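Trainee: Mind looking over this structure? Questions follow.
Throughout, read-outs are computed from the coordinates displayed, never taken from laboratory work. In this text, all values refer to a predicted model and were calculated from it rather than measured experimentally. We place every Cβ from the backbone using ideal geometry, glycine too, and count neighbours over all the protein chains shown.
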Amino acid sequence: MADDLLSRVTDPADLHQFSEPELNLLADEIRTLILDCVSEVGGHLAASLGTVELTVALHSLLRSPRDKVVWDVGHQCYAHKILTGRRDCFAGIRQYGGISGFPCRAESEHDVIGTGHASTSIGYGLGLAEAARLAGHQDGTVVCVIGDGALTGGVAFEALNNIGHMRTPMVVILNDNQMSIRPNVGALQLYLNRLRLDPTLTRLREDIERGVARIPGIGEKAYALGKDVKESMKALIIPGMLFEEMGFAYLGVIDGHDIKAVREALRQAIETPRPVLVHVRTIKGRGYEPAEARPEQFHGTGPFHIGNGERKRASAGTTFTEAFGDALVRLAEQDERVVAITAAMAQGTGLDRFEERFPDRFYDVGIAEEHAAVFAAGLALGGRRPVVAIYSTFLQRAFDMLVQDVGLQQLPIVFAVDRAGLVGDDGPTHHGAFDLSYLRLIPNMTIMAPSSHVELQHMLRTALALDGPAALRYPRGLAAAFDRPEQLEVLEVGRGVVLQEGRDVALIGAGTGVGIALAAAERARAAGLHPTVVDARFVKPLDTALLDELAKSHGRLVTIEENALAGGFGSAVLEHVAGHGVEVVRFGIPDAFVPHGDRERLLDDIGLTPEAVAAAVTGSRVGLAHAG
Ligand SMILES: Cc1ncc(C[n+]2csc(CCOP(=O)(O)OP(=O)(O)O)c2C)c(N)n1
């Protein structure tokens, strides 16, 4: 039977009973299960295939949950899920009501922490190790698994820096596959490549230490001079020795698909009474040829045919992301000051077309959203017009920079805030639920929410024409026929558009809320009401003149947005019309973390649908008559 060994695992510690050949067979079974399930429902395939042996090796030595394994980002944790009690429900991964695609505390005691955003594992690990020390528990081991991509994030360096100072014994496994979502970038990756490419460097280091001691007349002195000379000799030959210099014992480079080798390294690391960094080399997509050949495509994938790797459902039409990428190239052709910045998401944000067309004006800064914002500020100071494309959820990282280095400095930087609203299967760590709230409170920030591709293109032009910072926020997916206006227009800032004139109730949508407003209006009309429908276009500044007028002429204003109700567009409207004697009903994301699952289903659950809006509007006609 294909899952012979897997069926013997009810607890990860069961792996302790397996021989090394059995562990290898177990890894094969896990890989097959991952491939079978992800090909049906989609998911983070390539990263999870790359860590199968590593996961097996870890659980074959550790005793989770006493020992803690902290997965960075968490998208590579599928084998861990399978080995920690979720084999039987694995087929429902990321599906509505099924298990999460990321570690999730509510799901299992073996998921030490819920993750989704990069670069935090080492910090969590240090905290856990320190808490154990304070509690007098000396027997547990903390192992953090971080990718070379996630290691480009500043918060990972902050943790390394702290560990080097505290010297807390713990293990950091650097899972180096040379890939972030795309090939990894940055000086650190070049350094890792040197180590990967030449494992003899490690041996060389030891030889040097021995050799120095043997040089007649010099060696003894060098040794007498002590550590400093030895270290500088090492540094001459092995540039950097970065991790050792930072207080870690460095073990590497280990073949991360060789269970025996990983186990050996881990045993050593666990026994070492100081921080250890184990550098493993893995292949993203390991064991599935299409994913090995195209790891970027299989980083996060929809359902696909196992035979050839082809997607089962090709998206029809153009997405907001693509419309943004297209418009940006167009605008950059007319204005050479325009530069574009991504934080390791060139394709996801639609900047790949820009990169191809203007390689010299394109920057991938790594998973470094804070730096992306500060770097953009520098470019803007120097006369450039930076466009920073970052998903709503990841831009949260750069909040202080948005306030301090962008808003306060009044710099003309455009933030293209993709994946605004509910993203679906990736769940609460990835929903773009808060950007309107956290952007709206920043003075000088202009915020636009396009309701269509055409609006988005005009808004990008508008944002680039401004003298201060601006953000456009738009949703994931939602492919539609692409309309490419001949001229991109500069919109009047702070002006909404009345799409339908009515009298009883004004449905005011922002972004995807406009489509909901239009569909709800149709239903309301069928029920005999005369709704007004407005596309707000601007969340900041608000169209206060229009709102005043609507407040006077309508008994009720209904706001619709795909953002948290707390502090979002509806809040802004409410704040403005407070005291005008008009009722405001707000539709948006409630004050709760929305789980994962099909986007439409989630929108239905939170009542962000035309039906729900129409029901609220028509169900209160008597009330409206009173108000009128
Ligand atoms: C703060 C943040 N920014 C961006 C992302 C999007 N993202 C998810 S995985 C990933 C690449 C991670 O690369 P690496 O850590 O090397 O793991 P690998 O997928 O190669 O195993 C990126 C950029 C994220 N999860 N968190």
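Trainee: Sort 113-120, 23-30, 513-520 by the packing proxy (mean of other Cβ within 10 Å over each peptide's residues), most packed first. Present the calculation step by step, with values, prior to reporting the outcome.
Mentor: Values: 113-120: 22.1, 23-30: 20.6, 513-520: 23.9.
Per-residue Cβ counts within 10 Å, averaged per peptide and sorted highest first, yield 513-520, 113-120, 23-30.
Trainee: Restricting to the chain, what percent of DSSP beta bridges are antiparallel, rounded to 5? Walk me through the numbers on the way to the answer.
Mentor: On the way: 10 of 67 bridges.
Looking only at bridges with both residues in the chain, the antiparallel portion is about 15 percent.
Trainee: On to the next question. Which loop-located GluC sites (Glu not before Pro) does segment 297-397 contain, where loop means any DSSP state but H, G, I, E or B and the Cβ has at most 14 other Cβ atoms within 10 Å?
Mentor: Details: sites: GLU310, GLU322, GLU333, GLU336, GLU355, GLU356, GLU369, GLU370; in loops: GLU310, GLU336.
Qualifying residues, ordered by number: GLU310, GLU336.
Trainee: When the helices in the chain are scored as -39500 (n - 2.57) per DSSP H run of 4 or longer and the sum is shared across all residues, what 222 nm value do you end up with, to the nearest 500 deg cm²/dmol? If you can, show how the numbers build up before the last one.
Mentor: Numbers: 25 runs with 249 residues, N = 628.
The helix-only estimate for the chain comes to -11500 deg cm²/dmol at 222 nm.
Trainee: Can you give the % of DSSP beta bridges in segment 320-473 that are antiparallel, to the nearest 5? Don't skip to the end; give the middle numbers.
Mentor: Details: 1 of 21 bridges.
Percent antiparallel among DSSP bridges in segment 320-473 is about 5.
Trainee: Here's another thing I want to ask about it. Could you order the peptides 75-86, 569-580, 432-443 from most to least packed, using the average number of other C-beta atoms within 10 Å per residue? Mind dumping the intermediate values first?
Mentor: Numbers: 75-86: 25.2, 569-580: 18.8, 432-443: 21.9.
Ranked from most to least packed, the peptides come out as 75-86, 432-443, 569-580.
Trainee: Let me ask you something else. How large is ³J(HN,Hα), in whole Hz, for each residue of segment 135-145 in order, when computed from phi with the Karplus curve 6.51 cos²θ - 1.76 cosθ + 1.60 and θ = phi - 60°, using x for Gly and Pro?
Mentor: Listing the rounded values in order: 7, x, 8, 9, 8, x, 10, 10, 10, 9, 10 Hz.
Trainee: Once phi is turned into θ = phi - 60°, what whole-Hz ³J(HN,Hα) does the Karplus curve with 6.51, -1.76 and 1.60 give for every residue of segment 263-268, x standing for Gly and Pro?
Mentor: Karplus values, whole Hz, x for Gly and Pro: 4, 4, 5, 5, 4, 4.
Trainee: If you restrict to DSSP beta bridges whose two residues both lie in segment 497-627, what percentage is antiparallel, to the nearest 5? Mind showing how you got there, number by number?
Mentor: Values: 3 of 19 bridges.
Within segment 497-627, antiparallel bridges account for around 15 percent of the total.
Trainee: While we're on this one: By how many nm would the segment from ASP605 to ARG313 grow when fully extended, if each residue of separation counts as 0.36 nm and the alpha-carbon distance is taken off?
Mentor: Details: separation 292, 0.36 × 292 = 105.12 nm, distance 2.49 nm.
Additional length available on full extension: 102.6 nm.
Trainee: As an exercise, identify the trypsin sites (Lys or Arg not before Pro) in segment 124-197 lying in DSSP coil whose Cβ has no more than 12 other Cβ atoms within 10 Å. Don't skip to the end; give the middle numbers.
Mentor: On the way: sites: ARG133, ARG167, ARG194, ARG196; in loops: ARG167.
Of the trypsin sites (Lys or Arg not before Pro), the ones in loops of segment 124-197 whose Cβ has at most 12 other Cβ atoms within 10 Å are ARG167.
Trainee: Lysine pairs, Cα distance under 23 Å, 8 or more residues apart or cross-chain: how many in the chain?
Mentor: Eligible lysine pairs with Cα atoms under 23 Å apart amount to 9.
Trainee: Related question: Rounded, prolate or oblate: pick one for segment 494-628, where a ≥ b ≥ c are the square roots of the eigenvalues of its C-alpha gyration tensor, a/c under 1.5 means rounded, and failing that, prolate if a/b is larger than b/c, else oblate.
Mentor: Working: a/c = 1.63, a/b = 1.21, b/c = 1.34.
Since a/c reaches 1.5 but b/c is at least a/b, the shape of segment 494-628 is classed as oblate.
Trainee: Hey, another quick one. Would you work out if segment 320-473 is rounded, prolate or oblate? Take a ≥ b ≥ c from the square roots of the eigenvalues of the alpha-carbon gyration tensor; rounded if a/c is under 1.5, else prolate when a/b is larger than b/c, oblate otherwise. Before the final figure, lay out the partial values.
Mentor: Working: a/c = 1.30, a/b = 1.10, b/c = 1.18.
Judged from the Cα gyration tensor, segment 320-473 comes out rounded (a/c under 1.5).
Trainee: Taking Cα pairs under 8 Å and at least six residues apart, what relative contact order does segment 397-544 come out at, in percent? Write down the numbers at each step before the final one.
Mentor: Values: 278 pairs, mean separation 38.5, N = 148.
Once divided by the residue count of segment 397-544, the mean separation gives 26 percent.
Trainee: Given +1 on the Cβ of Lys and Arg, -1 on the Cβ of Asp and Glu, and no further charges, what dipole in debye does the chain carry about its Cα centre, rounded to the nearest 20?
Mentor: Working: 60 positive and 80 negative charges, 129 e Å.
I would put it at about 620 debye.
Trainee: Using a basic spin-label model with each label point 7 Å from the Cα along Cα→Cβ, how many nm lie between ARG337 and GLU522?
Mentor: 4.3 nm
Trainee: Now, a different point. Once phi is turned into θ = phi - 60°, what whole-Hz ³J(HN,Hα) does the Karplus curve with 6.51, -1.76 and 1.60 give for every residue of segment 123-134, x standing for Gly and Pro?
Mentor: Residue by residue, segment 123-134 yields x, 4, x, 4, x, 5, 5, 5, 4, 5, 4, 5 Hz.
Trainee: How far apart, in nanometres, would the label points at ASP36 and PHE593 be if each is projected 7 angstrom from Cα along the Cα-to-Cβ direction?
Mentor: For the pair ASP36/PHE593, the computed spacing is 3.1 nm.
Trainee: ALA135 to LYS552: FRET efficiency via 1/(1 + (r/R0)^6), r the Cβ-Cβ distance, R0 56 Å, to the nearest 0.05? Working shown, then result.
Mentor: Numbers: r = 63 Å, r/R0 = 1.13.
Efficiency computed from Cβ-Cβ geometry: 0.30.
Trainee: Could you compute the FRET efficiency for GLN487 and HIS305, with r as their C-beta to C-beta distance and R0 at 60 Å, rounded to 0.05?
Mentor: It comes to 0.90.
Trainee: Separate question: Using Cα pairs closer than 8 Å and at least 6 residues apart in sequence, work out the relative contact order for segment 1-148, in percent. Working shown, then result.
Mentor: Details: 212 pairs, mean separation 37.5, N = 148.
Worked out over segment 1-148, it gives 25 percent.
Trainee: What residues qualify as long-range amide H neighbours of ALA471, i.e. H under 5 Å apart, gap of 5 or more or another chain, H built at 1.01 Å from N?
Mentor: The answer is PHE415, THR446, ILE447, MET448.
Trainee: What shape does segment 430-486 take by its C-alpha gyration tensor, where a ≥ b ≥ c are the square roots of the eigenvalues and a/c under 1.5 counts as rounded, a/b above b/c as prolate, and the rest as oblate? Don't skip to the answer; put the middle values down first.
Mentor: On the way: a/c = 3.74, a/b = 1.25, b/c = 3.00.
Verdict is oblate for segment 430-486.
Trainee: Shifting gears a bit: VAL498 to ARG267: extension gain in nm, 0.36 nm per residue of separation minus the Cα-Cα distance? Write out the running numbers ahead of the final one.
Mentor: Numbers: separation 231, 0.36 × 231 = 83.16 nm, distance 6.77 nm.
Net length gain for the segment: 76.4 nm.
Trainee: For segment 294-371, run through the trypsin sites (Lys or Arg not before Pro) and keep only the ones in DSSP coil with at most 16 other Cβ atoms within 10 Å of their Cβ. Kindly include the intermediate steps, with their values, before the conclusion.
Mentor: Values: sites: ARG311, LYS312, ARG313, ARG330, ARG337, ARG353, ARG357, ARG361; in loops: LYS312, ARG313, ARG337.
Passing both the DSSP loop test and the Cβ count: LYS312, ARG313, ARG337.
Trainee: Given labels modelled 7 Å from the Cα in the Cβ direction, how far is it in nm from SER7 to THR544?
Mentor: It is 7.1 nm.
Trainee: Would you mind checking the tilt of helix 200-214 against the longest principal axis of the Cα atoms of the chain, expressed as 0 to 90 degrees and rounded to 10?
Mentor: So the helix axis and the longest Cα principal axis differ by about 40 degrees.
Trainee: Using a Förster radius of 41 Å, what is the FRET efficiency between GLN409 and ALA106 based on their Cβ-Cβ separation? Nearest 0.05, please. Spell out each step's value before the answer.
Mentor: Numbers: r = 41 Å, r/R0 = 1.00.
For R0 = 41 Å, the calculated efficiency reads 0.50.
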